[in-house]
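The values are calculated or read from the model by the stated rules, or taken from the named source; none is laboratory data. Note that the coordinates shown come from a computational prediction; the quantities given were computed from them, not determined experimentally. Because the Cβ atoms are built from the backbone with ideal geometry, glycine has one as well, and the counts that use them run over all protein chains shown. Keep in mind that these areas ignore ligands, DNA and RNA; they rest on the heavy atoms of the full protein, side chains included. Shrake-Rupley method; radii C 1.70, N 1.55, O 1.52, S 1.80 Å.
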Amino acid sequence: MKNKIIFLLLLFLFTCSGLKAEDGVSLFYKSDIMKSAQYVTKERFEDANYVILEKKENIEYKIDGSYTRNLEMYIKVLDEVGRAANVRAGYSYDKNYGSAYMDFLEVIDRNGEKRKINIDENKKEEIATDGVSSNIFDDSGVDVTVQIPDLEVGEIVHYKISENVKKARIEGEFSYFAVSEYSQPLLYYLAEITAPKEKPLLKNVVLGGKPSLYKLTDKEQENKIVYTFEAENIGQLYTEPAMPQYLNVAMRWITSTVSDWEAVSKWYYNLCEPRIIINEKIKNKTAELVSGEKDEKAKIMSIYFFVSRKVRYSGITLEDNRPGLEPHNSDYTFDTLTGVCRDKAALIVAMLRSAGFESYMVLVNATRKLDKEAPMTYFNHAIAGVVLSNGEIMLLDPTDETTNDPLPQYLMDKSYLLAKKSGDNLRATDILDGKTNMMKVRTDAKIEGSLIVCKSRLEFYGINDNRYRGSFAEMNKQEIENFLKGIVKVLSQNSKLISYKVTPEDFLNSGENLVIEIEYSLNDMLAGDKYKIIDFPRLSRRVGMFNQIFSGATLKTRTYPYVVRYTAAIDEEVEIELPENFKIESIPEDVVINGKSYYYNLSYSKMNNKIIYKNSASFNALELSVSDYIQFKTDMRIIENGMKKKIIVSSKSNKWRLKIW
């Protein structure tokens, strides 16, 4: 499910430009699609690859939440990139919940001549594979693509798709999320939802759009209510590196018959509760796991590690009520030691309850924060929650088999909902201080002839432990050694890995943090008689997740906030011992940056014949505002300049330059 959401996001995010509408003039002619098409040229939309001339959706739902949907699209191709993006039309559906099919497909050439496409001859239907990479095997998901042969630049693709959803995710409730802003221009969008008069929409809002671009109306027709969303001349959505999720910034129409988030919470509680079974085998195993543990968190983590490490993440969808949302019986997961996220969550809830804790199933959206304005079931992950003695809720995600953190750091600031009998409100996971995700490096080095011989100890915490431990768990010994050689090679092409030690030996069955100890030599003397440069070994610039925080900061200014996936920090100290005949002439000044949600400190000192370098930094937010980003870019330049400064070292025979690298 998560992979499909990511795919849909990428589908919309290509190149971007604005819509060049004449002042106050509609670009769309409702009575004549060809007249609209004639206006749309590459000259007028020079940055666009194609233009959506018209998109229409008609939806009608019943009291039980089931609904039908009819979609019609007109798309004009402007260049070769646009042609390649539209040589096939596709749609997906879940057989457990309904069906879908393409009713009509034609191509309209530049002269207005229509060429009907035989759908059956060009259709390819496959079992959806988005869950296979996560070891989820489910033949109910269907992906359909229809090839459009001989499509040319300047032509129009016109198709219709019908969908019949026979079963609502929440029985008796309807919700819909309509996006009306894409990476390509949209001239006209009309969406209508027809509702039973006795089951009206309780939430009906537009987010992310300018009121001048759309109209939102509703009217009664006999025993029904028709809700209409109409928009014109919608320009392309400009995308940026490291911007907020597309679905959080695009114009979107959100509708729901659900009264509040408490109702969704109660629904999921009622769905899952019959599946949480505590039998004697579960009771006995739980008692064994918590035996001797006096601290409540120690008991919780003992149960957590059992479920996360011993229950393999894989499964087949067997549920017949709400497939994809409903867990297996917890005793089945315990016996088979296999399951997907919701199954592992149900088992850990059962075991925590057996140990005397108050515990709940938890719905999570692992991709983005949901819009709180309209309650929906757009969750794509399930975890567990346990109430501590102080009343705090501790979240547990037993899906990840290698992490030591009960809630992986990549789930920070994501929407979640406790499944409670009394209901609960939508919440967001905590944003943790960067020091939670620390990368700690200690290096002792000395110059021996033409070599710098180094011993380094790298300690991984939080997201660093999670990512590197997870990667190492999939490597054999030779692959790990090659990885470490690669790190040393980046420091110096003339390098040698002398020895290494990685602990713990069993990456899957240890609560210890990942530690790497390596010994290596660097032979990086450059040519020159009077001056030579020795690269200073700074591993924190090569290892750890902190470096990824800067990877998206490529723009001078931004339209959207700068977003990173997780907080992170580094704490590095390097001591390099110089030969006795060397004299330290000068060292750079310290660099101290104290930003609004980050800090970065570089310091250099000398003690006897040693040079000591320290670098401590922490990034404590997941988002920088547009104005804060400008200051962040300024601070980055100061940091880079500080790192370019050199330490001057002389000897009896000549002078050496020691470069901080």
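So here's what we get for this one:
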| item | result |
| --- | --- |
| Qualifying positions in segment 230-261 - at positive phi and open to solvent by less than 20 Å² (accessible area, probe 1.4 Å) | none |
| Residues of segment 203-229 satisfying the condition of being under 31 Å from the mean Cα position of the chain (by Cα) and either of a type in the set (Asp, Glu) or buried (at least 16 other Cβ atoms within 10 Å of the Cβ) (or both) | Lys203, Asn204, Val206, Gly208, Gly209, Leu213, Tyr214, Phe229 |
| Residues of segment 382-401 satisfying the condition of being more than 22 Å from Asn437 (Cα to Cα), touching a helix residue (DSSP H, G or I) at 6+ places or on another chain (Cβ under 7 Å) and open to solvent by 20 Å² or more (accessible area, probe 1.4 Å) | Ser389 |
| Meets criteria (open to solvent by less than 50 Å² (accessible area, probe 1.4 Å), part of a strand (DSSP E or B) and among the aromatic types (Phe, Trp, Tyr)) for Tyr520 | yes |
| Check on Lys219, in a strand (DSSP E or B), farther than 30 Å from Asn425 by Cβ and modelled with pLDDT of 95 or more | yes |
| Any hit, segment 86-99, residues being modelled with pLDDT of 95 or more, of a type in the set (Asp, Glu) and in contact with a strand residue (DSSP E or B) (Cβ under 9 Å, 6 or more places away or on another chain) | no |
| First in segment 460-472 and more than 14 Å from Glu401 (Cβ to Cβ), second anywhere and open to solvent by 10 Å² or more (accessible area, probe 1.4 Å) and of a type in the set (Val, Ile, Thr), Cβ under 6 Å, 6 or more apart | Gly462/Thr436 |
| Residue match in segment 373-381 (condition: polar (S, T, N, Q), in contact (Cβ under 8 Å) with a residue 24 or more places away in the chain, in contact with a helix residue (DSSP H, G or I) (Cβ under 6 Å, 6 or more places away or on another chain) and open to solvent by less than 10 Å² (accessible area, probe 1.4 Å)) | no |
| Boolean, Thr338 is open to solvent by 30 Å² or more (accessible area, probe 1.4 Å) and of a type in the set (Val, Ile, Thr) | yes |
| Residues satisfying the stated conditions in segment 536-569, i.e. open to solvent by 40 Å² or more (accessible area, probe 1.4 Å) and closer than 30 Å to Ser605 by Cα | Arg541, Arg542, Asn547, Gln548, Phe550, Ser551 |
| Leu624 being open to solvent by less than 50 Å² (accessible area, probe 1.4 Å), hydrophobic (A, V, I, L, M, F, W, C), in contact (Cβ under 8 Å) with a residue 24 or more places away in the chain and in contact with a helix residue (DSSP H, G or I) (Cβ under 7 Å, 6 or more places away or on another chain) | yes |
| Matching residues, segment 171-202, being crowded, with 22+ Cβ neighbours inside 10 Å and on the phi > 0 side of the Ramachandran plot | none |
| In segment 483-503, the residues that are in a helix (DSSP H, G or I) and either open to solvent by less than 80 Å² (accessible area, probe 1.4 Å) or of a type in the set (Phe, Trp, Tyr) (or both) | Phe483, Leu484, Gly486, Ile487, Val488, Val490, Leu491 |
| Odd one out for Ile300, checked against (1) open to solvent by 50 Å² or more (accessible area, probe 1.4 Å); (2) touching a residue at least 24 places away in the same chain (Cβ under 8 Å); (3) not charged (D, E, K, R) | (1) |
| Condition broken by Ala366, with the remaining ones in (1) assigned to a loop (DSSP other than H, G, I, E, B); (2) crowded, with 24+ Cβ neighbours inside 10 Å satisfied | (2) |
| Hits in segment 164-202 (condition: acidic (Asp, Glu) and part of a loop (DSSP other than H, G, I, E, B)) | Glu171, Glu173, Glu181, Glu198 |
| Residue in segment 143-163 that is open to solvent by less than 80 Å² (accessible area, probe 1.4 Å), outside any helix (DSSP H, G or I), under 30 Å from Tyr268 (Cα atoms) and at pLDDT 95 or above present | yes |
| Boolean, Asp320 is open to solvent by 10 Å² or more (accessible area, probe 1.4 Å), out of contact with any His (no Cβ under 6 Å at 6 or more places or on another chain) and modelled with pLDDT of 95 or more | no |
| Counted residues, segment 402-441 - those being open to solvent by 40 Å² or more (accessible area, probe 1.4 Å), in a loop (DSSP other than H, G, I, E, B) and polar (S, T, N, Q) | 2 |
| Test result for Ser450, closer than 28 Å to Glu517 by Cα, among the small types (Gly, Ala, Ser) and open to solvent by 40 Å² or more (accessible area, probe 1.4 Å) | yes |
| Lone qualifier among Ser308, Ser359 - being farther than 30 Å from Met251 by Cα, assigned to a strand (DSSP E or B) and modelled with pLDDT of 90 or more | Ser359 |
| Given (1) surrounded by fewer than 24 Cβ atoms within 10 Å (Cβ to Cβ); (2) in a helix (DSSP H, G or I); (3) not aromatic (Phe, Trp, Tyr), index of the condition Val264 fails | (1) |
| Subset of segment 442-474 [over 24 Å from the mean Cα position of the chain (by Cα) and of a type in the set (A, V, I, L, M)] | Ala445, Ile447, Leu451, Ile452, Val453, Leu458 |
| Options Asn594, Asn547, Asn620; residue that is closer than 26 Å to Asn494 by Cβ and not hydrophobic (A, V, I, L, M, F, W, C) | Asn547 |
| Residues that are buried (at least 21 other Cβ atoms within 10 Å of the Cβ) and assigned to a strand (DSSP E or B), drawn from segment 453-474 | Cys454, Ser456, Leu458, Phe460 |
| 1 or more residues surrounded by fewer than 14 Cβ atoms within 10 Å (Cβ to Cβ) and more than 36 Å from the chain's Cα centre (by Cα): qualifying helices (runs of 4 or more DSSP H) within segment 26-131 | 33-39, 119-122 |
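Per-residue answers, yes or no, for (1) modelled with pLDDT under 95; (2) loosely packed, with under 14 Cβ neighbours inside 10 Å:
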residue	(1), (2)
Asp571	no, no
Glu577	yes, no
Asn581	yes, yes
Ile593	no, no
Lys596	yes, yes
Leu602	yes, no
Met607	yes, yes
Lys610	yes, no
